[in-house]
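Participant: Pasting in a structure now, in structure tokens, and then I'll have a few things to ask.
The values are calculated or read from the model by the stated rules, or taken from the named source; none is laboratory data. Fair warning: this is a prediction, and the values are worked out from it, not measured in the lab. As a convention, Cβ positions derive from the backbone with ideal geometry for all residues, glycine included, and neighbour counts pool all protein chains shown.
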Amino acid sequence: MRWGGMRRSENVEDRRSAGFGRHAGPVRIGGLGLVILLVASLLFGINPLELLGPVAEMSGPAPGVEAPAPPQDDRQADFVRAIVGDTEDTWRALFTSGGRQYKDPTLVLFRGQVGSACGFASAAVGPFYCPGDQKVYLDLGFFDELAQRFGAPGEFARAYVIAHEIGHHVQTLLGVSEQVERERRRRSPEQANALSVRQELQADCFAGVWGHFATRRSLIDARDIEAGLRAAAAIGDDHIQRQTRGYVVPEAFTHGSSEQRVRWFRRGLESGDVRACDTFAAAQL
């Protein structure tokens, strides 16, 4: 990726040395978070509730232990600021052309565990978006997981993860997230999962829309795109279920199969059109 010339966002909040906030309550995980939580719990026999908290009494590092400060020359954090800045520019332009105003989200970098308006979460849940405070939460250690555990290395694979979570923010601004949450409460668990799949696939498509415009500006090339498609395939529900269960349960999907995630990500990449991302109207995903 040619991200060196991208504008750096000012909406990145670095909490990696700030300790742990006093937040309690259930975490509403968006994006890739639920997938990573399930993988961790199934692979290592961890109770998912232990990963989510709440841990109301934890307000800082252990006595006498200082949280390590982020390095001065932090290339990964600089990369995140560049990607977030570029998504801001892209979505501002798209919203303006549609007669809307785009409100920038904040991306929070954390280490280990974090409190949000959606509750307390450990890094094991992976990156997630919280509509309550309109912030994306990311532990940079997930990028290592993406490369080593999921077999999806490369800068554009990382950019895809960020752009996917920003896609959930776009859904919040468009009112999609609120509608989905309202419908989920009225449906059976199977039907609620099906709605989640459509919501996640739309976020994949929105990530592709950003990638489309980055391609037009020669910021990414064919090799970058392949890395992004590998990342989308690696975190498909069927792929993860085969790894953890040994078999696939489509009724339990929450994010979509590898094929579906690749298809919708590619649709956004090729079209650059938000209207092409209406997964809720699609007869076949």
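Participant: Hey, among TYR137, TYR160, which residue is free of Cβ contacts under 8 Å to residues at least 60 places away in the same chain and either in a helix (DSSP H, G or I) or not small (Gly, Ala, Ser) (or both)?
Facilitator: Testing whether each residue is free of Cβ contacts under 8 Å to residues at least 60 places away in the same chain and either in a helix (DSSP H, G or I) or not small (Gly, Ala, Ser) (or both) leaves just TYR137.
Participant: Would you point out the residue of the range 162-179, among those that are of a type in the set (A, V, I, L, M, F, W, C) and closer than 13 Å to VAL80 by Cβ, that is surrounded by the fewest Cβ atoms within 10 Å (Cβ to Cβ)?
Facilitator: The extreme case among them is ILE162.
Participant: Does TYR129 fit the bill of being touching a His at 6+ places or on another chain (Cβ under 6 Å), closer than 25 Å to VAL274 by Cβ and touching a residue at least 24 places away in the same chain (Cβ under 8 Å)?
Facilitator: Considered against the rule, which asks whether it is touching a His at 6+ places or on another chain (Cβ under 6 Å), closer than 25 Å to VAL274 by Cβ and touching a residue at least 24 places away in the same chain (Cβ under 8 Å), TYR129 comes out as yes.
Participant: Kindly provide the set of residues from the range 186-239 that are of a type in the set (D, E, K, R) and buried (at least 24 other Cβ atoms within 10 Å of the Cβ), ordered by number.
Facilitator: Passing the criteria: GLU200, ASP204, ASP237.
Participant: Just checking: which of the helices (runs of 4 or more DSSP H) contained wholly in the range 173-285 hold 3 or more residues that are modelled with pLDDT of 90 or more, aliphatic (A, V, I, L, M) and on the phi < 0 side of the Ramachandran plot?
Facilitator: Result: 189-216.
Participant: Show me the helices (runs of 4 or more DSSP H) found entirely inside the range 1-113 where at least 2 residues are modelled with pLDDT of 95 or more and within 22 Å of GLY126 (Cα to Cα).
Facilitator: 75-97
Participant: Follow-up question, since we're still on this one. Name the residues in the range 208-228 that are in contact (Cβ under 8 Å) with a residue 12 or more places away in the chain and either touching a strand residue (DSSP E or B) at 6+ places or on another chain (Cβ under 6 Å) or farther than 16 Å from ALA152 by Cα (or both), would you?
Facilitator: GLY208, VAL209, TRP210, GLY211, HIS212, PHE213, ALA214, THR215, ARG216, SER218, LEU219, ILE220
Participant: Give the number of residues within the range 151-161 that are surrounded by fewer than 22 Cβ atoms within 10 Å (Cβ to Cβ) and either in contact with a strand residue (DSSP E or B) (Cβ under 6 Å, 6 or more places away or on another chain) or of a type in the set (A, V, I, L, M, F, W, C) (or both).
Facilitator: Counting residues in the range 151-161 that are surrounded by fewer than 22 Cβ atoms within 10 Å (Cβ to Cβ) and either in contact with a strand residue (DSSP E or B) (Cβ under 6 Å, 6 or more places away or on another chain) or of a type in the set (A, V, I, L, M, F, W, C) (or both) gives 0.
Participant: Can I ask one more? Condition test on ASP139, is it among the acidic types (Asp, Glu) and within 15 Å of the chain's Cα centre (by Cα)?
Facilitator: Here the answer is yes, as ASP139 does meet what is asked.
Participant: Here's another thing I want to ask about it. Exactly one condition in (1) surrounded by fewer than 19 Cβ atoms within 10 Å (Cβ to Cβ); (2) over 18 Å from MET6 (Cα atoms); (3) in contact (Cβ under 8 Å) with a residue 12 or more places away in the chain; (4) of a type outside the set (A, V, I, L, M, F, W, C) is false for ARG182; which is it?
Facilitator: Tallying (1) surrounded by fewer than 19 Cβ atoms within 10 Å (Cβ to Cβ); (2) over 18 Å from MET6 (Cα atoms); (3) in contact (Cβ under 8 Å) with a residue 12 or more places away in the chain; (4) of a type outside the set (A, V, I, L, M, F, W, C), ARG182 fails exactly one: (3).
Participant: Further question: Within the range 258-285, restricting attention to residues that are polar (S, T, N, Q) and without any contact (Cβ under 8 Å) to a residue 40 or more places away in the chain, which residue is farthest from ALA152 (Cα to Cα)?
Facilitator: Here the residue is GLN284.
Participant: Something else about it: Looking at the range 107-133 only, could you name the residues that are of a type in the set (Phe, Trp, Tyr) and within 15 Å of the chain's Cα centre (by Cα)?
Facilitator: Once the filter is applied, which keeps residues that are of a type in the set (Phe, Trp, Tyr) and within 15 Å of the chain's Cα centre (by Cα), the range 107-133 yields PHE110, PHE128, TYR129.
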